[in-house]
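Step one of this worksheet: look at the structure below.
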Amino acid sequence: MEIRTSRFGVITVDEDRLMNFPRGLLGFPNYTRFALIQTGNGNYFFWLQSVDEPAVAFVVTDPNTFFKDYDVPLRTETYEDLAFTDIKFAQILVICNKVGDWLTGNLLGPIVLNGENRMAQQVVLTEKKWTTRQPLLRLTSEVPLAKSA
Amino acid sequence: MLVLSRQRDETIMIGDNIEVTVVDIRGDKVRLGINAPKEISVHRKEVYDAIRRENKAAAQVKPEDLSGFGKIDSKQDREPKK
């Protein structure tokens, strides 16, 4: 389908890249449909682009690329809300922000995605180990992904 | 807003199955105990607010903020770069 975006113009995405957030995201409760779009530089980063609002898009990434010990305990209600049939379909993404020279990840409010039915939800961790602005990498002009670990 | 006075060890009910008990009061700090069904998530409000704020800020990120890696994968990007 075609999606209008403020950042990339009109883009075409496959139906299987569409995610459904029944509750939206915190602060954005009304936008429930997003497309997960690959960026030009491999698989580290994606754009989560709202289908409903051209200007709403987030950079997201797999937090385990940066933090091997990061783990999201899946609560019963999340399991039921996202209609999981098997935990193996669970994928975790975090929303990234630019803070000064750094790209940060919101590890306190990760996105849980059910890869089987592509329903997703932003959850809030009870553990205080992670922050909303966990530094991921420094944005420099040369090869930012060289420091991805 | 409904305002109720409670003493230590007293409880309020929210609906039929959520209990909030005043466990301890010390100075300006109140400790609450919450009994709720598993499907009700309970969080400190400031955590929610922080995540909401961070989402709003993250929605302002533009591809050009990202040293080039925020571009979407068009055919042109797949051409080998010299």
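Here are some notes:
- Relative to the Cα centre, the charge distribution of the stretch A:39-101, modelled as +1 at Lys and Arg Cβ and -1 at Asp and Glu Cβ, gives a dipole magnitude of about 240 debye.
- Among beta bridges from DSSP that stay inside chain A, the antiparallel ones total about 95%.
- Lys, Arg +1 and Asp, Glu -1 on Cβ, resulting dipole of the protein assembly as shown about Cα centre, debye, nearest 20: 780 debye
- Cβ-derived FRET efficiency at R0 41 Å, B:Asp16 paired with A:Ser6, nearest 0.05: 0.30
- Counting Cβ atoms of other protein chains within 10 Å of each Cβ in B:45-53 and taking the mean gives 5.
- Neighbour-limited loop hits for trypsin sites (Lys or Arg not before Pro), the stretch A:38-101 (at most 10 other Cβ within 10 Å; DSSP other than H, G, I, E, B): A:Lys68
- Near B:Ile12: Cβ cut-off under 9 Å, other residues only, Lys/Arg at +1 and Asp/Glu at -1. The net charge is -1.
- Taking other Cβ atoms within 10 Å as a rough exposure proxy, A:Phe34, A:Phe58, A:Phe28 sort from fewest to most as A:Phe28, A:Phe58, A:Phe34.
Every number in this text was worked out from the coordinates using simple rules, so none of it is lab data. No experiment lies behind these values; they were computed from the predicted model shown. Here the Cβ is made from the backbone with ideal geometry for all residues, glycine too, and neighbour counts use every protein chain on show.
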